[in-house]
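Everything below concerns the one structure shown next.
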Amino acid sequence: MTRHDGDGPAPGAATEASRLDEVLIETVFGAGAHIGIAYVLDEDGQVLRMVSAMGLPVSIARVWASIRLNDAAPVSVSVRDRRLLWFGDREALAREFPGVALTLPYPFAMATAPLGSGGAVWGGIVLAWPAGHPADLTVRQLKVVDDCCGAMGDLLRRASERGRPITAEDHPRILDPVRAHQREPRAAQAALRAFDALPEGYCHLDAQARVAFVTAQGAQLLDATPSELVGRRLGVAVPWLGDPVYEEQYRLAVVSHQPTRVTARRPDGRQLLLQWFPSVPGMTLRITPTAAAALPPAAGGGQPLRTAGLHELLHLATSLAQATSAQDVIDLVADHVVPVYGAQGLAIITWESGRMRVVAARGYTRQLIEEFDGRPALRRVSPPGGSDPGRPSFYATRDELFQTYPDLPESAVMEAWAVLPLVTSGRPIGTCVLAFDRPHRFSEEERAAFTALGGLIAQAFERAWLYDNKHQLAQSMQASLLPHALPRIPGLDVAARYVPATPGMDIGGDFYDLIRLGDSQAAAVIGDVQGHDMTAAALMGQVRTAIRTHGTAGATCGDVLAYTNRMMTELAPDRFTSCLYLTLDLDRHIACLASAGHPPPLISRPGAPTQVIDAPPGLLLGIDPDAEYTTLNLHVPPGSTLTLYTDGLVEEPGQDLGDAIAALAARFTPAPGRPLHSLAESLIGQVTRHRMDDTALLLLRSTPEGVSRRRGG
């Protein structure tokens, strides 16, 4: 109900909201529908909130209580585009909105339309009809929907203009028009006596799924008393009926508006046949001991698989959002679909210059994949009357498949297939093929589920394809910006490693370089540009170039950083860079270094423990154009190892950076004869698998052999 200044309903708001509910009820009955939902736009015009619903299970109403206007949902599209949408069956819904079809795996037809008035849209309406509805809405139904949208739109507009806008409560109102009709008490008592005389039990649930009526025999069969049941939800009053399988049967009956049945087992082992008969709104439950059941309990045997399939597909939909390669997509589909539907083979096929490309597969031999990869696209023979190549096709036997694809090689040894075109934004991007090792007749439910699955796979595959291309671009750019090879300098061993962060595009701003300044002199640099994007990578290349330019021109360590800092403040005043620059005189065994807010290097001298070099910290590059950088001279005897790194090597969530650096120094004791590349691998190997930051590492070791060669020894 609408609130006024937080102090209860505004004057007249309750009346206007009630009138909105009345129009919704009249529309449901007038259009011959069994479900009606009214949404209003919030004050920001970005979210549709469910005001009231009729014939919709409470559990589903809560899931769809809020829908963002930019969500891929029928009612949000209707409101955005200001047009009516119609879906004659669940398969039609699955083609356009696969995610919605997976979360509502029930047979029904649906229409959505905007609620407009005064040139503005104020909300939306959803109506649903039982499965089997004619292909289109009738002229009369269209008029009922149009009149409803106009009446509701006028109500919402006038309420807003009066300062009493109709808004959604914390939970949608579930409407029950039955309560508006008064019944003669004696007739109700006579009906109860009549039902009590029947050998089976009966229970009626209201629009809120609460028990409104139960016969004595029904309560006895449910192992409860009428007083324990009436006014409570059945799954709460009878806990063993709270099993997801039974709850799913209830939702199926309500949404599809068709009778359903399931065999249930009481805790004492006694079996009951539960038959759900939907009304508008509410539900009648018939309870029969299985020994007296007129119908076999087959439905109950198949339902756990159907319910399990729903949860697996919902999990799949969530997981596919994280897929970053075509093989990821196939692996996820195989893991979540094969256990439910029993498919043995999956493949994603694209085309290139008229030839097929198997980009990912599971369950096929390498020989078969190689036989298909690169073959000309298969000729498809359309069945009589033609078919839409953009729609999924299903082949229950090999004969059906070979009639459509006569050029298919005999090595295609499976027995049944679901062929799902992958289409995004109206453009085909490939085909997903699911194969079965035995003939398989696809039910309507499976066809709808696979249609929705094809939509999800298409979206995931497109994202994965874009990611793969961006990943290749990032790797190429990273390779071009980092040194292809480090210069050979007599008397100096060098090893370098770069490891990108796990998420994103595998590109960042960490860099290193080694610069030859003379026969016995070298400069080394390591740095980290803020960010993990193309801008950071490009800026990293500019920083490397500036440092190399000033370093080879003979500038001191402090001046190199100062010059680069001034350039940074001009090029990217909103980006900062940490950097460590040092020069190394191999004849004098002296290193000179300066730091711009970078983690301190380590030095490992022969026969001594590794130490953290206490370099004077300067400001990060890019903050103050007038910053100056102090230098530090360091004795580096032959055989010493200098370790330069970025914070990705040591940074761990919740750990102090200084403690992490000290711990690195304590455990790093390079043996004199151990190759530097082996030491580098040992350090990189300690980085956590799921890296949230890039890691760059540069190891430098002065060698006595180089000193001897330069002195002619």
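The values are calculated or read from the model by the stated rules, or taken from the named source; none is laboratory data. Since this is a predicted model, take the numbers as computed values, not measurements. Cβ placement follows ideal geometry from the backbone for every residue including glycine, while neighbour counts extend to all protein chains displayed. For the accessible areas, the whole protein counts, side chains as well, though only heavy atoms, and no ligand, DNA or RNA atoms are used. Shrake-Rupley method; radii C 1.70, N 1.55, O 1.52, S 1.80 Å.
Quick look at the values:
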{"quantity": "Cα-centre dipole for the stretch 559-677 with unit charges at Cβ (Lys and Arg positive, Asp and Glu negative), debye to 20", "calculated": "580 debye"}
{"quantity": "Solvent-accessible heavy-atom area per residue, rounded to whole Å², over the stretch 559-632 at 1.4 Å", "calculated": "44 Å²"}
{"quantity": "Virtual spin-label span in nm between residue 614 and residue 521, 7 Å along Cα→Cβ", "calculated": "2.9 nm"}
{"quantity": "Whole-percent carbon and sulfur share, accessible surface of the stretch 31-176, 1.4 Å", "calculated": "50 percent"}
{"quantity": "Net lengthening on full extension, residue 588/residue 327 (0.36 nm per residue, minus Cα-Cα)", "calculated": "88.4 nm"}
{"quantity": "Pair residue 445, residue 408: separation of 7 Å Cα→Cβ label points (nm)", "calculated": "2.6 nm"}
{"quantity": "Probe 1.4 Å, accessible area per residue of the stretch 32-171, Å²", "calculated": "41 Å²"}
{"quantity": "Packing-based ranking, highest mean first, of 325-333, 513-521 given that Cβ atoms within 10 Å are counted", "calculated": "325-333, 513-521"}
{"quantity": "Spin-label pair residue 158/residue 400, simplified geometry with 7 Å Cα→Cβ offset, distance in nm", "calculated": "5.5 nm"}
{"quantity": "Sites residue 62 and residue 656 - FRET efficiency at Förster radius 41 Å, r taken between beta-carbons, to 0.05", "calculated": "0.40"}
{"quantity": "Contour excess over end-to-end distance, with Cα ends at residue 22 and residue 375 and 0.36 nm allotted per residue", "calculated": "120.9 nm"}
{"quantity": "Residue-normalised accessible area of the stretch 224-293, expressed per residue, 1.4 Å probe, Å²", "calculated": "42 Å²"}
{"quantity": "Label point at residue 437 placed 7 Å out along Cα→Cβ; residues across the stretch 391-423 whose backbone nitrogen lies under 14 Å", "calculated": "413-416"}
{"quantity": "Peptides ranked, highest mean first, by Cβ atoms within 10 Å: ranges 344-353, 70-79", "calculated": "70-79, 344-353"}
{"quantity": "Cα gyration tensor shape of the stretch 599-674, rounded if a/c is under 1.5, else prolate or oblate by comparing a/b with b/c", "calculated": "oblate"}
{"quantity": "The stretch 201-300: trypsin sites (Lys or Arg not before Pro) in DSSP coil with no more than 16 other Cβ atoms inside 10 Å", "calculated": "232, 270"}
{"quantity": "With every protein chain in place, the stretch 512-652: carbon and sulfur % of accessible area (1.4 Å)", "calculated": "50 percent"}
{"quantity": "Per-pair calculated FRET efficiency, R0 = 30 Å: residue 485 and residue 556 via Cβ, rounded to 0.05", "calculated": "0.65"}
{"quantity": "25 Å tail of the calculated P(r), the stretch 528-662, as % of Cα pairs", "calculated": "29 percent"}
{"quantity": "Computed FRET value (nearest 0.05) for residue 271 with residue 82, which takes r as the C-beta separation and R₀ as 56 Å", "calculated": "0.60"}
{"quantity": "Linear extension gain, residue 635 paired with residue 352, 0.36 nm per residue minus alpha-carbon span", "calculated": "95.8 nm"}
